1. Sorting check: for 142-151, 47-56, which peptide has the highest mean count of neighbouring beta carbons within 10 Å, and how do the rest follow?
2. What are the principal axis extents of the Cα atoms in region 132-186, in Å, biggest first?
3. When the Karplus curve 6.51 cos²θ - 1.76 cosθ + 1.60 is applied with θ = phi - 60°, which whole-Hz ³J(HN,Hα) does each residue of region 127-133 get, with x for Gly and Pro?
4. Check residue 141: other-chain or 5+ apart residues with amide H under 5 Å from its amide H, H built from backbone geometry?
5. Given Cα positions, please report Rg to Rh for region 22-95, the hydrodynamic radius being the Kirkwood one.
6. When each pair of different Cα atoms in region 91-193 is counted once in the 1/r mean, what is the Kirkwood radius in angstroms, to one decimal?
Amino acid sequence: MKPLLSLCSFSMVTRKNSSSVAFLLRIKGVRLWALIATVTIAAAVGIVSVMSWLIKGEITSDYVLTGLVTAAIVAPVSLSLLTQLLNELAASHEAQLANQLTETENRLNGALGESRKVLQTIVDTVPVRVFWKDRNLRYQGCNPAFARDAGKSSPQDLVGLDDFQMGWVEQAELYRADDRTVMATGQAKLAYE
């Protein structure tokens with residue numbers, strides 16, 4: 001279905017009058033109809049009154065009556081067109097916001113992905129052993145140097161394991177006590193064997 005109104009023809013809607021558009025979007029139904037009817041009647045009566053004054057030199061009741069009849073005919077059409085315009089403006093604004101949100105999300109995801117790559121490169125190449133665990137003291141990841149020391153071929157081979165499943169089972173309780181202390185205090189324990 002082809003729209004009666006094109007948004008292109010309403011490019012005059014700018015940020016300055018967006019509060020007017022927002023107001024019109026908020027008032028719906030009878031209140032919107034009453035506003036449009038009042039404005040249409042006032043405009044029609046005003047126009048025919050000016051015409052009467054210009055043509056006859058006075059404002060006559062037949063011209064005022066003509067204005068009221070014209071307004072009664074034009075008001076429903078005006079309301080319909082304005083409602084359609086407001087719906088199109090709202091849809092356009094919603095689509096624009098959705099597009100901006102998608103663009104921002106894509107930029108942030110790209111930056112986050114790049115940041116993760118840099119961090120992973122640092123963790124993988126640093127000349128120390130790095131690992132991290134969850135609250136259940138299971139390995140969530142490590143760098144290749146730690147994986148080699150643990151006798152694994154890659155860091156992924158450690159994910160989900162705990163110290164009791166590693167080659168240092170005899171020291172598992174000691175390591176787990178250290179891990180609990182680090183988690184409780186938030187203070188890293190660095191440079192230890």
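All of the numbers you see were taken from the coordinates with simple rules; none came from a lab. No experiment lies behind these values; they were computed from the predicted model shown. Here Cβ is always computed from backbone atoms with ideal geometry, including for glycine, and neighbour counts include all displayed protein chains.
1. 142-151, 47-56
2. Between the extreme Cα coordinates on each principal axis of region 132-186 lie 32, 22, 17 Å.
3. Karplus-based 3J(HN,Hα) across region 127-133 equals x, 10, 8, 10, 8, 8, 10 Hz.
4. It is 132, by chain and number.
5. On the way: Rg = 15.7 Å, Rh = 13.6 Å.
In region 22-95, Rg relative to Rh is 1.15.
6. The answer is 16.3 Å.
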